[in-house]
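*Asks:* My structure is below; once you've seen it, I'll send some questions.
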2 protein chains.
Amino acid sequence: VLFFPDSHIPCRKYLLSPIGCTKNDCRLSHNEKSSFIKLMRYILNAQKSLKLCMFSITCDELAQAVTTKYRQGVVVKVVTDTEYMNLNGSKMHGFLKQGIEIRHDRSSYLMHHKFVVIDEKIVVTGSFNWTHAAVVGNTENVLVTNNPEIVRPYLNEFTNLWEKIPNVSYSFCYYTYKVH
Amino acid sequence: VLFFPDSHIPCRKYLLSPIGCTKNDCRLSHNEKSSFIKLMRYILNAQKSLKLCMFSITCDELAQAVTTKYRQGVVVKVVTDTEYMNLNGSKMHGFLKQGIEIRHDRSSYLMHHKFVVIDEKIVVTGSFNWTHAAVVGNTENVLVTNNPEIVRPYLNEFTNLWEKIPNVSYSFCYYTYKVH
């Protein structure tokens, strides 16, 4: 179980640059024991698939981790909320541009899940939306488990939502008209 | 793991009235397999303590289940979010009137947890705030476990937050001035 907020802002270069962070006096966090860096490691260690069911994604680092894995050949599928995918700062536009397939609920209610199934073996779930406020501001929890009795129902829920939402067009998403 | 939304609105009398629901043709749900009724059973079966760490509580049935247990002698402690406890429909006012002790974060960030530790043995956690929209509208998940490796960190988190928040007064809560 990971708890937030972290006390320090994580160093993006340390996490995501191919050569790491080269600053001797970097003041951002390189702490592998921090909740955020542990969370990033789970995403960055994905080998086969990332099945994301996430209400809101605005965090640069997590979005970049997802697109990095996608470019490396990991299958990425995203289910998200219609209203929130259109808010300022949402990373869904970037995901669409990269070619990542996104499906969003067609309901006035919220697609409020905040989980990801990694390689069909690990589930990461909790109160934590993938936003900056959730990393160093909010009080949040994230449970990580590879217990098949827990992973299976989350994987089924992802598949059910994915198949229930028709992949006809992104007509609910105003970005659709800007992409291509 | 419980998933929402439920397809039918639950019957409050069935769940909470001492004599149950006496309607022969009740059209509300009495389905013990529904996620909401399962969730209510966990709360109503509490024997010793309910340690709630909940961003938002507006659901009548869940609030009534908590006050019922409190009146039966179960220790109830609530940690919540300052802004959300003052919103319309929040049950915190009612909890305070009953004598339930509430502590709320003093931060501009969110106390975004949605978990409850029951009898220090079971943790109920997920994306699910205790609201009506979460029951029959939103897409939500709730994980219930008695695995001590999971329960322990949630219990510690509750204790840490509880002790970190000074119990000086409810000066952040405008209801304070109406309560005695």
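*Asks:* Could you size up the charge dipole of segment B:2-164 around its Cα centre, putting +1 on the beta carbon of Lys and Arg and -1 on that of Asp and Glu, and report it in debye to the nearest 20?
*Replies:* Working: 20 positive and 15 negative charges, 90 e Å.
It works out to roughly 440 debye.
*Asks:* What value does chain A have for Rg/Rh, both radii from Cα atoms and Rh as Kirkwood defines it? Walk me through the numbers before you get to the answer.
*Replies:* Working: Rg = 16.0 Å, Rh = 16.8 Å.
With Rg and the Kirkwood Rh in hand, the quotient comes to 0.96.
*Asks:* If r is the Cβ-Cβ distance from B:LYS38 to A:ASP25 and R0 is 51 Å, what FRET efficiency results, to the nearest 0.05? Mind showing how you got there, number by number?
*Replies:* Details: r = 53 Å, r/R0 = 1.05.
The computed FRET efficiency comes out at 0.45.
*Asks:* Right, something else. Tell me the Kirkwood radius of the protein assembly as shown: reciprocal of the mean inverse pair distance over distinct alpha-carbon atoms, in Å. Walk me through the numbers on the way to the answer.
*Replies:* Details: mean 1/r = 0.0465 Å⁻¹.
Evaluated over the protein assembly as shown, this radius sits at 21.5 Å.
*Asks:* While we're here: Shortest first and in nm to one decimal, what separations exist between A:ILE19 and its copies in the other chains, measuring from label points 7 Å along the Cα-to-beta-carbon line?
*Replies:* Copy-to-copy label distances at A:ILE19, shortest first: 8.0 nm.
*Asks:* Measuring nothing but label to label, 7 Å from Cα along Cα→Cβ, what are B:LEU87's distances to the other copies in nm, shortest first?
*Replies:* Going from nearest to farthest copy, the values are 1.1 nm.
*Asks:* 222 nm [θ] for the protein assembly as shown, helices only, -39500 (n - 2.57) per DSSP H run of 4+, per residue, to 500?
*Replies:* Details: 14 runs with 120 residues, N = 360.
The helix-only estimate for the protein assembly as shown comes to -9000 deg cm²/dmol at 222 nm.
*Asks:* 7 Å along Cα→Cβ for the label point: how many nanometres lie between B:ARG71 and each equivalent label in the other copies, listed shortest first?
*Replies:* Its label point is 6.2 nm from the equivalent points in the other copies.
*Asks:* Accessible area per residue of the protein assembly as shown at 1.4 Å probe, in Å²?
*Replies:* Details: 17100 Å² over 360 residues.
Accessible area per residue: 48 Å².
*Asks:* Based on Cα coordinates alone, diagonalise the gyration tensor for segment B:1-70, multiply each eigenvalue by 5, take square roots, and list the semi-axes in whole Å, largest first.
*Replies:* Details: eigenvalues 86, 47, 23 Å².
Equivalent-ellipsoid dimensions as semi-axes: 21, 15, 11 Å.
*Asks:* Ballpark to the nearest 100 Å², how much total accessible area do A and B bury together, probe 1.4 Å? Intermediate values should be presented prior to the final figure.
*Replies:* Working: alone 9670 and 9670 Å², together 17100 Å².
Summed over both sides, the interface buries about 2200 Å².
*Asks:* Based on the alpha-carbon set only, what is the convex hull volume of segment A:50-116 divided per residue, in Å³? Mind dumping the intermediate values first?
*Replies:* Values: hull volume 4.7 nm³, N = 67.
Each residue corresponds to 70 Å³ of Cα convex hull volume.
The values are calculated or read from the model by the stated rules, or taken from the named source; none is laboratory data. Please read all numbers here as calculations on a predicted model, not as lab measurements. Virtual Cβ from ideal backbone geometry, glycine too; neighbours counted across all protein chains shown. SASA here: full protein model, heavy atoms, side chains in, ligands and nucleic acids out. Shrake-Rupley method; radii C 1.70, N 1.55, O 1.52, S 1.80 Å.
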